[in-house]
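Read the structure below first, then the notes.
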Amino acid sequence: MKFECEVIRKNQHASDADALLYTPMKAGLTAKHSRVYVFDYDGNSAALEKFAHDVLVDEVSQELKAGTDPVLSDALFHLDYGMKAGALDLEKEAIMNYFKGRTGDDFTLNQLTISQRVYLFGEGDASTLSARFVKDIVNPAVHRFQVV
(Lines give C-alpha, C1' and ligand atoms only; values in the text may rest on other atoms or scores of the structure.)
Protein backbone atom coordinates (compact mmCIF):
# COMPACT_ATOMS: atom_id res chain seq x y z
CA MET A 1 0.00 0.00 0.00
CA LYS A 2 1.02 3.60 -0.48
CA PHE A 3 0.67 6.62 1.78
CA GLU A 4 1.61 10.05 0.44
CA CYS A 5 1.88 13.23 2.43
CA GLU A 6 3.30 16.72 2.10
CA VAL A 7 5.02 18.63 4.91
CA ILE A 8 5.13 22.41 4.67
CA ARG A 9 6.13 25.23 6.99
CA LYS A 10 3.21 27.04 8.59
CA ASN A 11 2.79 30.68 7.54
CA GLN A 12 5.61 30.39 5.01
CA HIS A 13 6.20 33.62 3.12
CA ALA A 14 6.99 33.43 -0.57
CA SER A 15 10.62 34.18 -1.34
CA ASP A 16 12.22 35.62 -4.47
CA ALA A 17 12.46 32.72 -6.94
CA ASP A 18 15.55 34.23 -8.56
CA ALA A 19 17.51 32.97 -5.54
CA LEU A 20 17.01 29.42 -6.91
CA LEU A 21 18.70 30.22 -10.21
CA TYR A 22 22.34 30.64 -11.19
CA THR A 23 21.51 33.91 -12.93
CA PRO A 24 18.35 35.88 -12.08
CA MET A 25 15.52 36.07 -14.61
CA LYS A 26 13.91 39.12 -12.99
CA ALA A 27 10.50 37.72 -13.95
CA GLY A 28 8.88 38.67 -10.64
CA LEU A 29 8.36 35.06 -9.58
CA THR A 30 8.19 33.93 -5.97
CA ALA A 31 8.61 30.47 -4.46
CA LYS A 32 7.49 28.36 -1.52
CA HIS A 33 8.99 25.01 -0.52
CA SER A 34 7.75 21.74 0.94
CA ARG A 35 8.66 18.05 1.03
CA VAL A 36 6.60 15.15 -0.31
CA TYR A 37 6.94 11.69 1.25
CA VAL A 38 5.62 8.50 -0.34
CA PHE A 39 5.64 5.48 1.95
CA ASP A 40 5.28 1.97 0.53
CA TYR A 41 4.11 -0.20 3.43
CA ASP A 42 2.13 -3.21 4.59
CA GLY A 43 -0.08 -3.28 7.65
CA ASN A 44 -2.04 -0.77 9.72
CA SER A 45 -2.54 2.51 7.82
CA ALA A 46 -3.42 4.51 10.95
CA ALA A 47 -0.18 3.36 12.63
CA LEU A 48 1.86 4.40 9.59
CA GLU A 49 0.15 7.82 9.44
CA LYS A 50 0.94 8.36 13.13
CA PHE A 51 4.56 7.30 12.54
CA ALA A 52 4.85 9.73 9.60
CA HIS A 53 3.39 12.58 11.61
CA ASP A 54 5.58 11.87 14.66
CA VAL A 55 8.79 11.55 12.62
CA LEU A 56 8.30 14.29 10.01
CA VAL A 57 6.46 17.15 11.67
CA ASP A 58 7.53 19.82 14.12
CA GLU A 59 4.15 20.77 15.63
CA VAL A 60 5.16 24.39 16.18
CA SER A 61 6.37 25.24 12.70
CA GLN A 62 5.09 22.61 10.26
CA GLU A 63 1.94 20.88 9.12
CA LEU A 64 1.32 17.61 7.31
CA LYS A 65 -1.35 17.09 4.66
CA ALA A 66 -2.11 13.50 3.68
CA GLY A 67 -3.02 12.70 0.09
CA THR A 68 -1.74 13.34 -3.40
CA ASP A 69 -3.19 16.83 -3.96
CA PRO A 70 -0.68 19.67 -3.58
CA VAL A 71 -1.03 21.77 -0.42
CA LEU A 72 -0.97 25.00 -2.45
CA SER A 73 -3.27 25.24 -5.44
CA ASP A 74 -2.65 28.76 -6.74
CA ALA A 75 0.89 28.23 -8.07
CA LEU A 76 1.84 28.85 -11.70
CA PHE A 77 3.54 25.41 -11.53
CA HIS A 78 5.45 23.27 -9.09
CA LEU A 79 8.62 21.26 -9.47
CA ASP A 80 9.13 18.01 -7.57
CA TYR A 81 12.65 16.62 -7.50
CA GLY A 82 14.42 13.99 -5.44
CA MET A 83 17.23 11.51 -5.46
CA LYS A 84 17.17 8.72 -8.04
CA ALA A 85 17.07 5.14 -6.80
CA GLY A 86 20.58 4.12 -5.82
CA ALA A 87 21.74 7.68 -5.07
CA LEU A 88 22.55 8.48 -1.44
CA ASP A 89 19.59 10.16 0.27
CA LEU A 90 20.58 10.87 3.87
CA GLU A 91 17.11 11.88 5.06
CA LYS A 92 15.60 8.70 3.64
CA GLU A 93 18.36 6.58 5.20
CA ALA A 94 17.85 8.23 8.60
CA ILE A 95 14.08 7.61 8.55
CA MET A 96 14.46 4.01 7.37
CA ASN A 97 17.15 3.28 9.99
CA TYR A 98 15.00 4.84 12.71
CA PHE A 99 12.11 2.60 11.67
CA LYS A 100 14.34 -0.51 11.66
CA GLY A 101 15.43 0.26 15.22
CA ARG A 102 11.85 0.40 16.51
CA THR A 103 9.82 -2.50 17.84
CA GLY A 104 6.11 -3.12 18.19
CA ASP A 105 4.95 -1.27 15.07
CA ASP A 106 1.76 -2.55 13.45
CA PHE A 107 3.10 -1.99 9.93
CA THR A 108 6.14 -2.75 7.79
CA LEU A 109 7.87 0.07 5.96
CA ASN A 110 9.06 -1.32 2.61
CA GLN A 111 10.23 1.80 0.81
CA LEU A 112 10.28 5.57 1.12
CA THR A 113 10.55 8.18 -1.62
CA ILE A 114 11.20 11.82 -0.74
CA SER A 115 10.81 14.79 -3.08
CA GLN A 116 11.51 18.45 -2.61
CA ARG A 117 8.58 20.48 -3.92
CA VAL A 118 9.07 24.05 -5.13
CA TYR A 119 5.92 26.05 -5.86
CA LEU A 120 6.43 28.97 -8.25
CA PHE A 121 4.04 31.90 -8.25
CA GLY A 122 3.67 34.73 -10.74
CA GLU A 123 2.81 35.37 -14.36
CA GLY A 124 4.26 33.93 -17.53
CA ASP A 125 4.50 30.85 -19.70
CA ALA A 126 4.76 27.94 -17.27
CA SER A 127 6.52 25.58 -19.69
CA THR A 128 9.25 28.10 -20.61
CA LEU A 129 9.77 29.19 -17.01
CA SER A 130 9.74 25.65 -15.62
CA ALA A 131 12.42 24.57 -18.11
CA ARG A 132 14.74 27.22 -16.67
CA PHE A 133 14.13 26.09 -13.09
CA VAL A 134 14.65 22.44 -14.03
CA LYS A 135 17.92 23.36 -15.77
CA ASP A 136 19.28 25.21 -12.73
CA ILE A 137 17.91 23.06 -9.88
CA VAL A 138 17.88 19.49 -11.16
CA ASN A 139 21.06 17.47 -11.63
CA PRO A 140 19.99 14.76 -14.10
CA ALA A 141 22.80 12.46 -12.95
CA VAL A 142 21.28 12.06 -9.47
CA HIS A 143 17.79 13.60 -9.52
CA ARG A 144 14.42 12.48 -10.82
CA PHE A 145 11.90 15.28 -11.36
CA GLN A 146 8.39 16.17 -12.42
CA VAL A 147 6.84 19.53 -13.31
CA VAL A 148 3.12 19.96 -12.64
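The values are calculated or read from the model by the stated rules, or taken from the named source; none is laboratory data. Computed from a predicted structure; not experimentally measured. With ideal geometry, Cβ positions are generated from the backbone for all residues, glycine too; neighbour counts draw on all protein chains shown. What goes into the accessible areas is simple: the full protein's heavy atoms, side chains included, and nothing from ligands, DNA or RNA. Shrake-Rupley method; radii C 1.70, N 1.55, O 1.52, S 1.80 Å.
Tabulated values for the structure
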{"item": "Value at 222 nm in deg cm²/dmol, rounded to 500, when DSSP H runs of n ≥ 4 in the chain each add -39,500 (n - 2.57)", "result": "-7500 deg cm²/dmol"}
{"item": "Zero-based 5 Å bins, Cα pair distances in segment 1-60, whole percents", "result": "4, 15, 19, 15, 12, 12, 10, 8, 4, 1"}
{"item": "Added length on full extension, which subtracts the Cα-Cα distance from 0.36 nm per residue, Lys2 to Glu59", "result": "18.1 nm"}
{"item": "Cα convex hull of the chain, projected area averaged across orientations, nm²", "result": "9.4"}
{"item": "Segment 51-148, relative contact order [Cα under 8 Å, separation at least 6], %", "result": "44"}
{"item": "Label point distance in nm, Asp105-Asp136, each placed 7 Å from Cα along Cα→Cβ", "result": "3.8"}
{"item": "Sulfur and carbon atoms: percent of accessible area, the chain [1.4 Å]", "result": "51"}
{"item": "Whole-Hz ³J(HN,Hα) from phi, Karplus 6.51 cos²θ - 1.76 cosθ + 1.60, for segment 52-65, glycine and proline x", "result": "4, 5, 5, 7, 9, 10, 8, 4, 6, 10, 9, 9, 10, 10"}
